[in-house]
């Protein structure tokens, strides 16, 4: 018996093998239909692509290689473009093209008419290209079509009603195009449809009633449309649905009760539903859900306790609704739940005392929750947004998690009344920078993520973010190092903050009154960096903007506002009134715009900078409160005698005086118009190796100068104020103002300062130390009047003091301040006469009787040097009694180097300004 069974199996295998061999031999001998071959070649020629001869189209035969290999499907990512053929026609002598894929190949132009002649096509994938024009009614010829997608292209016009002739369709994708008009009712004839994707187009009208016939649907996406009317009740007949997305469509509520029939759903995303309130009763039997998003859906009522029975839930978003009542404890204990967004409702009560280990993203902001916070808020790797509630913030909670939360509770209680500040500026997603106008935009590049908030150290501003991007990667800061053509502050637009749902910025502790709010944007994520149009530039970002609760922009589109120009900044200004010492700017995604171009999750609010300035004359100091003011009480012990009381009183008086002096010093710095970057003393101490003597560059009236290296690699010169010098403290402030205000190529850059306690330090960029003599004597012996370069103005300088760059263009003081040199000439003449340094500015000596009205000391340059001693270390020149009077008239020198012979000395005069000056030296002066 076994022998017979084995023989039977062997015989069947031989028969099937012979049949497969015959079919393979027949396919090998078959050829592509001539008309179809000509049509495909015409299509590829129009699109400027080629059939790869290494995979298929072998030896010019289209239906060959991978085109007829059975175990390679049309969806195989390794082959693109690709066709598949059926070679069983005409006794297996003719091959017909049954599938065509040209996916993400940046094909541009209209669809060639030859495509509609390939009537044996069952699968057509032309997604992610830049196809233009309209769909031809000839699409109705493709009656064998089952899988059809034109997603992410630039096709326009109405979708032809002939698409309803494709009655074998199982999947249709027409998303992310520019289709207009109504949705064809004829699609309702395609009753075998299992998948329909029709998001991000300009369709109008409602969902046709014929769609009630599409009972085989398993996936339906309808987002970012311009529809009207109510959500159709017949969707409840699509009982085989496992995934349903309807948001940003314009459809109104309520959510039909028939949705309760959709018990096979694993993903339900509804949102942005206007009018008509709904409860959560319709989800009662959807026990298979893993994703439940009902954001901004006009929900009312309470969160039902049975939601704790949905054991498969991983993501729940019920934010921006009108839900009330307590939060069910069972919701926080779902074993698979990772993300829970309940913000912007009117939920009350307290937070559950326990949560599951998987739950890591929690938003309960903008509710009426109260009570103490549970201990789990201290757990690591937890994204938590608790803003705008009434929690009791007890001691012992981790300050790193909840820092500043007391200022972001209901009504924003910090610094109410008179206020502390009158402006703020934030570089969203970037480092602190100073704009071309001198405004300091504070750093905001922290870890704002799916549910989080941050408050600045000075409690001047705050930010709050909520939202989880679709796709595997969640990026909340995007950077692009490009230059922007219409702004002087390109650096401000090279980073931006993103959010998938809601992004808020707050101004805190503001003096009440009218303000101008400035929001700055640049689209640096949805861009097409190539010189020609590609699908990567087809994305559309749209979001709403609220300022102080008032809607000021609907469907704001950065690129559209910039006239679709790449690398162009956009600025918006709004007038607002602050009446309760805080300001709120809210960027809100209302379901509009594309979701997935150029990457998954490229949608939602994006902003580069936020700032606000008063429209009134402020009366507040516009600075954080002094730390010393927090210690106003004096601790009194037991009085044991008059002597002890006298000692305590004396100590208190000394402390108060010291605090007052320190406050005065700090106030003088904080009240400056310019606000330099502030370094910590420990940072500079580390940079200079604890001010090691080996790093000392020199000594001046201000104090010693040390070289150092910051953590970011920058080499700096750190100038340390002599602690006991009150005059030096005044120079400290004056030098910050002078160097920060004066912009000139010959001044080194001031990186910032430090004023911790009694420490006063300035941090400059560091250049190589090179002798001033070698710079002044750059004349070649063989060419005495060539190779003169621009030199800066300086006074009271020695080569040991001067920090020079290798190009000898920069200059760092210790100088007496010369930013207002013209007004202080007389004060410096005595300095010149007594200076011990070897070099000085020849201009100053002539100013005893010279006219100064037209002199620009920041750019003017005049040097006099004996040619005969061009490489000498002697002084630049020495006027003695033999030259009792000297008149030099420099007339439009135009940058040339002129020489004049005076007695036995030949002087070189270099005037780099194209103007006439007369310098008169009326008596002998020794320049030392």
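No value in this document is a laboratory result; all are computed from the given coordinates. Computed from a predicted structure; not experimentally measured. Methodologically, a virtual Cβ is constructed for each residue, glycine included, from the backbone with ideal geometry; neighbour enumeration extends over all protein chains shown.
Classify region 424-614: rounded, prolate or oblate, from the alpha-carbon gyration tensor (a ≥ b ≥ c, eigenvalue square roots; a/c under 1.5 rounded; otherwise prolate if a/b is larger than b/c)?
It comes out prolate by the Cα gyration axes.
DSSP beta bridges confined to region 69-213 are antiparallel in about 25 percent of cases.
A straight chain from residue 696 to residue 182 at 0.36 nm per residue would run longer than the Cα-Cα distance by 177.3 nm. In this label model, residue 392 and residue 678 are separated by 3.5 nm, measuring between points 7 Å along each Cα→Cβ vector. For region 279-334 and region 174-243, what is the centre-to-centre distance using only Cα atoms, to the nearest Å? Here the answer is 26 Å between Cα centres. The alpha carbon centroids of region 405-422 and region 443-486 are separated by 22 Å. I want to make sure I understand the PRE zone here: with the label point 7 angstrom from the Cα of residue 274 toward its beta carbon, which residues in region 166-206 have backbone N atoms less than 19 Å away? The answer is 181-183, 200-206, whose backbone nitrogens lie closer than 19 Å to the label point.
How would you rank 393, 587, 62, going from fewest to most other Cβ atoms within 10 Å of each one's own Cβ? Mind showing how you got there, number by number?
Working: 393 12, 587 26, 62 22.
So the residues, fewest neighbours to most, are 393, 62, 587.
From the alpha carbon centroid of region 80-146 to that of region 540-618 is 42 Å. When each of the peptides 481-487, 124-130 is scored by the mean number of other C-beta atoms lying within 10 Å of its residues, the order from highest to lowest reads 124-130, 481-487. By the beta-carbon count within 10 Å of each Cβ, the least crowded to most crowded order of 502, 258, fewest first, is 258, 502.
Looking at the square roots a ≥ b ≥ c of the eigenvalues of the Cα gyration tensor of region 401-511, which shape do they give, rounded for a/c under 1.5, prolate if a/b is larger than b/c, or oblate?
Oblate shape, in that a/c is at least 1.5 and b/c is the bigger or equal ratio.
Panel order for 117, 688, 516, by other beta carbons found within 10 Å of each beta carbon, from fewest to most: 516, 117, 688. Taking each residue as 0.36 nm, the span from residue 233 to residue 89 lengthens on full extension beyond its C-alpha to C-alpha distance by 47.2 nm.
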